[in-house]
Amino acid sequence: MIEAKVVLTAWDKTLETKDFSHLRIFLSNDFKFENTTGDVGGITDTEAWSTAGAIRVNNFRTIRETDTYIVATHDVVQEGQPASSVLVYAEQSDGKFTYWKINRAFEG
């Protein structure tokens, strides 16, 4: 089981350094990421936006984690955007995340 805080820390490290290897080790080859609007991308899309350097994530809070899924929240810092929070639901299998769904809400 990959703990929420571990993978979210790796995601922020990727955002900070623009080096996808920090996150890649936690994602399956058929990984899917679904954003707030319902758009779904694969691992290549995830790498592209994660290494763009536009955002940072912090203040991780785990709501629930099991061997097969996590539910967590985190804050997002993005220049030129109001503060926001994200609710994460992510599924994992055989030590890799296969699906990641977010719902992002902006303050004010």
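With Cα atoms as the point set, the chain shows a radius of gyration and Dmax of 12.8, 40 Å. Projecting label points 7 angstrom from Cα along Cα→Cβ for Met1 and Thr51 puts them 3.2 nm apart. Estimated from helical segments only, the mean residue ellipticity of the chain at 222 nm is -6500 deg cm²/dmol, where each DSSP H run of four or more residues counts as -39500 (n - 2.57). Taken along the Cα-to-beta-carbon direction at a fixed 7 Å, the label points for Thr68 and Ala83 span 3.7 nm.
Just so you know, all these numbers are worked out from the coordinates, no wet-lab data involved. Treat the numbers as computed from the prediction; the structure is a model and nothing was measured. We place every Cβ from the backbone using ideal geometry, glycine too, and count neighbours over all the protein chains shown.
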